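Peer 1: Supplied in structure tokens, the structure appears directly below.
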Amino acid sequence: MATIILISVGCSEKSSGEDNSLQKIKDAGKLVLGLDDTFAPMGFRDGSGEIVGFDIDLAKEVASRMGVELEIKPIDWSSSILSLNKGDIDVLWNGVTINESRKEQINFSKPYLNNRLIIVKPKDRNDINSKEDLAGKVLGVQVGSNDEALQSDPISKKAKEIRKYDVNVNAFLDLMAKRIDAVIIDEVAAQYYISEEKVDFVVVENSPLTEEFYGIGFRKTDSQLLSEVDRILDEMKADGKASEISQKWFAKDIVLK
């Protein structure tokens, strides 16, 4: 499965017209990045309200090497692909999961992170130790790809209820208040939240729902821009800059080579 994804995601469909997507960015002098600004540690607001994160640092370096500024634009994540295809933003870059549904609507960069969809539970919940233990439980999940992945898993039919949230933080607040039994979430977001907030949650390590890849989303017509971003990211992996950014946010290099 992983091999198929790795081969296919970098491919772009040919446009019927001339592709000047890279030149448009250079002429504008900026690359507009669309994101959900609550998705720590990929892109989120810090205590002073500034948008920071792993993806933000990565994108700033790419934009700098491209010779343009990075403009960060929070969007409604439930209509993120519409925002991209309308031209409101140039790229979707915020821990975007590569999946077949999205690949029908947009193109993706090469995968740059491997991320699992996992279960988070309160530390004192000894009755949830595997995916099968979710039967009869109330689950929380963010609307979007995580919700789609959960719904496609047979365990979703056995859950008592699935509650959908616009942002992961609200799901965690309900978990803390014991209004739900577990949260289904990207592993990088879960580990960061547990570490930063010092909450008594744990990841069910041995039972991921999916093995996922993150990629940057582009319009189907923007092959030149996609190729240039891929080229720069490869350059950053080779010269150690991508590793440096990963070490800052995850204390280890997790960028796919």
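The values are calculated or read from the model by the stated rules, or taken from the named source; none is laboratory data. Because the structure is predicted, anything quoted here is derived from the model rather than measured. Neighbour counts run over all protein chains shown; Cβ positions are idealised from the backbone, glycine included. Areas reflect the complete protein model, heavy atoms only, side chains present, ligands, DNA and RNA absent. Shrake-Rupley method; radii C 1.70, N 1.55, O 1.52, S 1.80 Å.
Peer 1: Checking the condition in a helix (DSSP H, G or I), on the phi < 0 side of the Ramachandran plot and not hydrophobic (A, V, I, L, M, F, W, C), which residue from Arg231, Arg163, Arg179 passes?
Peer 2: Only one candidate passes the filter, namely Arg231.
Peer 1: While we're here: Among the numbered criteria (1) more than 28 Å from Ile25 (Cβ to Cβ); (2) aliphatic (A, V, I, L, M); (3) surrounded by fewer than 18 Cβ atoms within 10 Å (Cβ to Cβ); (4) in contact (Cβ under 8 Å) with a residue 24 or more places away in the chain, which one does Leu256 miss?
Peer 2: The single condition Leu256 does not satisfy is (1).
Peer 1: Quick check on the range 153-175: of everything there that is open to solvent by 100 Å² or more (accessible area, probe 1.4 Å) and within 23 Å of Trp77 (Cβ to Cβ), which residue is modelled with the highest pLDDT?
Peer 2: It comes out as Lys164.
Peer 1: Can you work out which of the residues in the range 102-158 that are among the hydroxyl-bearing types (Ser, Thr, Tyr) and in a helix (DSSP H, G or I) is nearest to Ile232 (Cα to Cα)?
Peer 2: Ser145
Peer 1: Now a separate question. Can you name the residue in the range 26-37 that is out of contact with any helix residue (DSSP H, G or I) (no Cβ under 6 Å at 6 or more places or on another chain) and within 25 Å of Ser79 (Cβ to Cβ) and, of all such residues, is most open to solvent (accessible area, probe 1.4 Å)?
Peer 2: Lys30
Peer 1: Same structure again: Across the range 46-72, what is the total count of residues that are exposed (fewer than 15 other Cβ atoms within 10 Å of the Cβ), modelled with pLDDT of 95 or more and of a type outside the set (Asp, Glu)?
Peer 2: Going through the range 46-72 one residue at a time, the tally reaches 4.
Peer 1: State whether the residues of the range 225-233 include one that is of a type in the set (Gly, Ala, Ser) and surrounded by fewer than 19 Cβ atoms within 10 Å (Cβ to Cβ).
Peer 2: Within the range 225-233, one or more residues are of a type in the set (Gly, Ala, Ser) and surrounded by fewer than 19 Cβ atoms within 10 Å (Cβ to Cβ).
Peer 1: Yes or no: Ile185 over 26 Å from Asp124 (Cα atoms) and either open to solvent by less than 10 Å² (accessible area, probe 1.4 Å) or free of Cβ contacts under 8 Å to residues at least 40 places away in the same chain (or both)?
Peer 2: no
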